[in-house]
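Okay, structure first, notes after.
The values are calculated or read from the model by the stated rules, or taken from the named source; none is laboratory data. On a predicted model such as this, the values are computed, not experimentally measured, just so you know. Glycine also receives a Cβ, built like all others from the backbone with ideal geometry; neighbour counts cover every protein chain displayed.
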Amino acid sequence: MREHTELYIDGTWRQPLDGTVIDLTDPATDEVSGRVALGGEADIDLAVAAANRAFPFFSRTTRQERIDLLERIADEYERRARDMAQAVTAELGCPLPLSRSRHVAAGIIQFRAAAQALKTFAFSEERGATPIRKEPIGVAALITPWNFPALQLADKTASALAAGCTVVLKPARLAPYSAVVLAEILEAAGVPAGVFNLVTGRGSLIGNALASHPDVAVVSFTGSSETALQVNAAAAKSAKRVTCELGGKSPQVIMPDADLDVVVGTVLTWLTANNGQICSAPSRTLVPRERLEEFLSVLLPRIESINIGNPLAEETDMGPLISDEQWRTVQHYIGTGLDEGAHLVTGGLGRPDGLERGHFVKPTVFTGVTNDMTIAQQEILGPVMSITTYDTVDEAVEIANDIRYGLAGYVTGGDPANAADVGSRIEAGYVVLNNADFDWTAPLSGCKASGNGREWGPEGLQEYLETKAVLGR
C-alpha cells in the first residue's frame, strides 16, 4: 500500500499542519490502495510563503540555468519512468502499457519541449524607441485534473519554471500519486528549496484558498467548466491572472471520401485510451448518412475485441474508470441516452461480463443521436460514443459547432484540402486532420466554454510572464 502522508514545502517533506490523511481506493478492485496527506489552508499559506521567498532569486536565474534545470528534470524523469507509470495506473486505472507510452512519455516530452522553447524565446524586443520586456509574473498556482495527471503536472510545471516563476501545485484529490513522484523527481534534479511546492487535498478547500491567496500572481487551472467559475471567482478577489483549460465535447467529422478502416482505428483509440477519460476525445462522431451501416460494420467487430480488465496486465486494452462517482456519472449518461431515444448498438448499462467489482464500463455506442440530446452536449469522460448522421458537409460543420464547448475538432477525409477546409470552419482551440500526431511545440487550449489561454510551447510559457514597457533612456 502506498503511504504519501507528507506535503513537499520549501524543500522538505512535512506533515500537514491542519489537515488529515485520507484513503484512496484501487479503481480496479475498490480496495484501499494508499493513504495521502490532506492539506489545509495553513499548509497553503506555508507553501505560498516559501514560493514567495524563493521568487526573487529564481526569477533572476539566467536562461541557460533554467534550460539546464529542465534538462536535469527530464533526465531524472526518465530514470523514474517506471515509478511514474505505476503511480498513474494505481490512481487512474489506466492500463500500464498506456501509462508508459502515453502518460510518462508525455511528461518527459513536456520538460524537454519547455527547455527547447526557452532556448529561442524572445524575452525582450525594441518597439520603436521603447524596449519591451517579458518578466516572470510571480508565484504560480497550478491546479491539475485527475484524468491525465502526468501530462498536466509536467506541462504546467515545466512552463512555469521555464518562465522563472515559482510554483505551488495542487493536484486532483483522486490523482495525487503521480504528483508525489513528480515532487521526488524535482527534488532529485536539484530544484532549489521553495521553487516547487506540493500540497495535496480537496479542491473545495485548498483549491479556493490557493486561487484567492493575495501572494499568488497567476492561476493555471485544468478541470471542469463549472469548477472554473469557482476558481475565477476566488481569484477575482485579488484581480490575478487566471488561465483555464476546461471540458470538451469534440466532433469527429468523417468526410464522405474517408477510408473507414483508418477512421475506425482512430475512433477506437480515442474511445478506449485512458478508459475513455480524455477531455479532448472526439466523442461526437459525424458520419455521412449513406455510409453509416458501412461504418458500423467495421466498427462493431473491433469494439467486441477490446480486452477489458486488470490494468496491470500487459494485454489489457481498457481498464476501469477512476472512481465510483465517475462510474455512476457515466451510467447516468448512458441511461439518459436511452431515455431520450438514442439507439444503443453496443455496450449499455452495468459492468462488462465477468467483472463484478471495480469501476469498469462497457464501451458504448449510440446511433440516432440528435444534437439536442444530453449525450451530444455534455462531457461524459467515459467510453461513450454518440453517432450523428449528416447529409452535406455544411450540415456537418453546423452540427460540429452547435455546442458550448470548443476544445478540439477532428476531420478525416481522402482529400487533404477538403479536410483542411472543414477543419478551418470548426470552432475549436485546435484541430487534428487525418489522425495527425500531436506537435508538442504547438499551443493547446480551447475556446468558448472550453477555456482561455494556451498551454505547451512558447505560448504556454507566455502565460507566466508579465509584459513591461520601459520608456526613456
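Numbers at a glance
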{"item": "Of all residues making up region 60-75, the number that are buried (at least 18 other Cβ atoms within 10 Å of the Cβ) and of a type in the set (D, E, K, R)", "result": "2"}
{"item": "Matching option when the condition is in the same structural domain as Pro16 (by the TED database), more than 19 Å from Gly19 (Cβ to Cβ) and at pLDDT 95 or above, among Val199, Val195", "result": "Val195"}
{"item": "Any hit, region 85-96, residues being surrounded by fewer than 19 Cβ atoms within 10 Å (Cβ to Cβ) and at negative phi", "result": "no"}
{"item": "Test: residue in region 287-309 that is under 17 Å from the mean Cα position of the chain (by Cα) and either farther than 20 Å from Pro416 by Cβ or of a type outside the set (Asp, Glu) (or both)", "result": "no"}
{"item": "Among (1) modelled with pLDDT of 95 or more; (2) in contact with a His (Cβ under 9 Å, 6 or more places away or on another chain), the one test that Leu153 misses", "result": "(2)"}
{"item": "Residue in region 397-404 that is crowded, with 23+ Cβ neighbours inside 10 Å, in contact (Cβ under 8 Å) with a residue 12 or more places away in the chain, within 30 Å of Phe111 (Cα to Cα) and not acidic (Asp, Glu) present", "result": "no"}
{"item": "Where Pro311 falls short, out of the listed (1) out of contact with any Leu (no Cβ under 7 Å at 6 or more places or on another chain); (2) buried (at least 17 other Cβ atoms within 10 Å of the Cβ); (3) not assigned by the TED database to the domain that holds Asn52", "result": "(1)"}
{"item": "Filter result (within 16 Å of His332 (Cβ to Cβ) and either of a type in the set (Lys, Arg) or surrounded by fewer than 19 Cβ atoms within 10 Å (Cβ to Cβ) (or both)) within region 348-376", "result": "Gly348, Leu349, Gly350, Arg351, Lys362, Thr374"}
{"item": "Sole residue being of a type in the set (Ser, Thr, Tyr), at pLDDT 95 or above and touching a strand residue (DSSP E or B) at 6+ places or on another chain (Cβ under 6 Å), chosen from Thr272, Thr285, Thr329", "result": "Thr285"}
{"item": "Output for region 321-376, where each listed residue is closer than 25 Å to Asn310 by Cα and in a helix (DSSP H, G or I)", "result": "Asp324, Glu325, Gln326, Trp327, Arg328, Thr329, Val330, Gln331, His332, Tyr333, Ile334"}
{"item": "Cβ-Cβ under 6 Å pairs, at least 6 apart or on other chains, region 435-453 side free of Cβ contacts under 8 Å to residues at least 40 places away in the same chain, far side surrounded by 14 or more Cβ atoms within 10 Å (Cβ to Cβ) and part of a loop (DSSP other than H, G, I, E, B)", "result": "Pro443/Arg454; Pro443/Trp456"}
{"item": "All positions within region 184-203 that are surrounded by 24 or more Cβ atoms within 10 Å (Cβ to Cβ) and closer than 12 Å to Ala37 by Cβ", "result": "Leu198, Val199, Thr200, Gly201"}
{"item": "Helices (runs of 4 or more DSSP H) lying entirely in region 202-311 (those with 3 or more residues that are within 24 Å of Tyr405 (Cβ to Cβ), free of Cβ contacts under 8 Å to residues at least 12 places away in the same chain and not β-branched (Val, Ile, Thr))", "result": "225-235"}
{"item": "First in region 371-382 and outside the structural domain of Ser225 (by the TED database), second anywhere and among the aromatic types (Phe, Trp, Tyr) and in a helix (DSSP H, G or I), Cβ under 9 Å, 6 or more apart", "result": "Thr374/Tyr333; Ile375/Tyr333; Gln378/Tyr333; Ile380/Tyr333; Gly382/Trp327; Gly382/Tyr333"}
{"item": "Candidates Tyr390, Tyr405, Tyr430, Tyr410, filtered to the one that is closer than 25 Å to Thr120 by Cα and of a type outside the set (A, V, I, L, M)", "result": "Tyr430"}
{"item": "In region 113-160, the residues that are surrounded by fewer than 20 Cβ atoms within 10 Å (Cβ to Cβ), outside any strand (DSSP E or B) and of a type outside the set (S, T, N, Q)", "result": "Lys119, Phe121, Ala122, Phe123, Gly128, Ala129"}
{"item": "Boolean, Ala42 is in a helix (DSSP H, G or I), loosely packed, with under 15 Cβ neighbours inside 10 Å, out of contact with any Ser or Thr (no Cβ under 9 Å at 6 or more places or on another chain) and in contact (Cβ under 8 Å) with a residue 12 or more places away in the chain", "result": "yes"}
